[in-house]
Amino acid sequence: MALISVAEALQRVLALAAPLPAEETPLGDATGRVLAFGLKALRTQPPADVSAMDGYAVRAADLTQAPVRLKVIGEVAAGRPFAATVGPGEAARIFTGGVVPHGADAVVIQEVTTRDGDCVEVQKPTSKGRNVRPQGLDFRAGETLFAKGHRLTARDLQLAAGMNHPLLPVHRRPKVALFATGDELVPPGTEPGPGQIVYSNGFALAALAHEEGAAVTDLGVVGDKLEATIAAIRDARELGADILVTTGGASVGEYDFVNRAFAAEGAALSFWKIAMRPGRPLMHGRLGAMHMLGLPGNPVSSYVCAFLFLVPLIRRLSGRDDLAMPTETAALGVDLPANDERADYLRAKLSDGPNGPVVTPFPTQDSSMMAPLAQADCLLIREPHAPAAKAGSRCAIVRLAR
């Protein structure tokens, strides 16, 4: 397959994806989830006129000539309504959240009153509705407060609970399965032997997918054998994975089996190899309902490709519409040479300049170097065939921290 652009590759990844079906999830598990349907209030809040302060429920008309002495006929606390009616010359002791009794139309705060047995003296006049939260001030039953496609925040869960919804209709979490290929890979904590390296990619990819709300199953490291790679793909399908992510084995070497394993299972590839650095041997396709992303094995390539392609795919399946990472502009901190035919995503640091952020790429951009990636604030984007650029000129970046 010919090299395709980053933009076209992302378009193909997302074109084959649609939001996953709806499920009902408890409020406590709904943070960050996306509503599959609009949500209407099941109750009115507040359900009646209630007091906003501690004080006395009164008739405003009785206080026009304050100070005035009123008879206290009862007490109203939150959750304990008062059945009687407040008549002329009467008041009811009331606390915040208490239902304003019939006949009363205002609440005077206790700081402007003096209690004397079963009477209270009110020092100042008040107006109708003062210190009263009217019925439906917040919302009313049947009112749609959340639209389909809304991503739920902590504040939203508070409101949804107040609307009396114990369960919320959200898109199902995408299930991501991942495995790495390579006879040379050993787990962290192992003393590598000759030619071996410590496996690292899966930990970053699993964390990235978790951050985006996916459920992740790590199938571990698969040896460089076609049969083992096919078996791992079948394991992912049996798990019901919506996305299978592989790292390594996606190039054209004699020990690169991912493409051959996909083909053996009947997968349909939408692309293999893109005009991008790092990450040229990126592979994408479908095997039945399962999306597949074959990422390069170099750690920087693996992470950058996941950041640019896996994250938007998870978001699409989750029902979100903020798919691609937002870009912004910054001033170059150094001169850059002209670029070749591939889009470049340079790991870079940001600093404050007199006119906004200044971006400075690390001097060495090798795709095996994990330390600069961990220290980077952003990716500096260089389009294919971009001309040489001087320090101070504007450029595009995408921030890594979210």
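Observations on the model:
- Fraction of alpha-carbon pairs over 14 Å apart in the range 89-137 - percent: 52
- In this Cβ point-charge picture (+1 for Lys and Arg, -1 for Asp and Glu), the chain has a dipole of about 1060 debye about its Cα centre.
- Here the translational diffusion coefficient of the range 124-278 follows from Stokes-Einstein with Rh set to the Kirkwood radius across Cα pairs; for 4 °C and 1.567 mPa s it amounts to 64 µm²/s.
- In the calculated pair-distance distribution of the range 50-133, the portion above 18 angstrom amounts to 27 percent of the Cα-Cα pairs.
- Only beta bridges with both residues in the chain are counted; by DSSP, about 70 percent of them are antiparallel.
- Ellipsoid equivalent to the range 130-201 - semi-axes via the Cα gyration tensor, in Å: 54, 15, 8
FYI, it's all coordinate maths here, none of it is from the lab. All values derive from a computational prediction rather than experimental measurement. Cβ atoms come from the backbone with ideal geometry, glycine included; neighbour counts cover every protein chain shown.
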